[in-house]
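The values are calculated or read from the model by the stated rules, or taken from the named source; none is laboratory data. In this text the structure is predicted, and so the values were computed from the model without any measurement. As a convention, Cβ positions derive from the backbone with ideal geometry for all residues, glycine included, and neighbour counts pool all protein chains shown. The protein model used for the area step is the full one, side chains on, heavy atoms only, and it has no ligands, DNA or RNA in it. Shrake-Rupley method; radii C 1.70, N 1.55, O 1.52, S 1.80 Å.
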Amino acid sequence: AALLSHTLELLCVALIVDHAVNASLTSLPLPLATLLYLGLESPCPPRAFFSLLLAYLLALISIKLAYQLPLVCGTPPLSLRTAHGSANGTEYWCSSTSSAVPESLFMPTLSRRVDYALGLHKFSGRASLPQHQGLLRGLLPDLVALVLTLVHREMLLVTGVARPALP
């Protein structure tokens, strides 16, 4: 019960931690919204803000999930599987020469790529950084922020601070 009375504070912390963990351009609006809007709107931001935040988080999670599909190549960044062939007896689907680059030279370049700057990257496989972190661990900060946004929006309705949406 004590946590339910502080859902706004928990949401603000979750949005800032989300950006601290992801550190990308797509996660940048979350702490900016927290510091520039949530902190200044008194006593509570309108319900429409939380609906917009919810839509943004859902879109962000959907895009990150879509990027995990086998249709999208991890290397080169933001490319689709367009070619099928074989080199050195191993099959490849993406038109990429990065498989010929040694791991010691390939890994340091990952953090400077455009897909990592946007926050879109594979959570497993050769083009993942950190290596093989998994889908749940990769999406956990976004999912926590999404759940806390839903909980806070519901608490606004329960306490009567926000009016329910009209049909």
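The single condition among (1) touching a residue at least 12 places away in the same chain (Cβ under 8 Å); (2) buried (at least 18 other Cβ atoms within 10 Å of the Cβ); (3) not in a helix (DSSP H, G or I) that Leu15 does not satisfy is (3). Does segment 33-49 include one or more residues that are open to solvent by 30 Å² or more (accessible area, probe 1.4 Å), at pLDDT 85 or above and farther than 20 Å from His152 by Cα? No; the residues of segment 33-49 include none that is open to solvent by 30 Å² or more (accessible area, probe 1.4 Å), at pLDDT 85 or above and farther than 20 Å from His152 by Cα.
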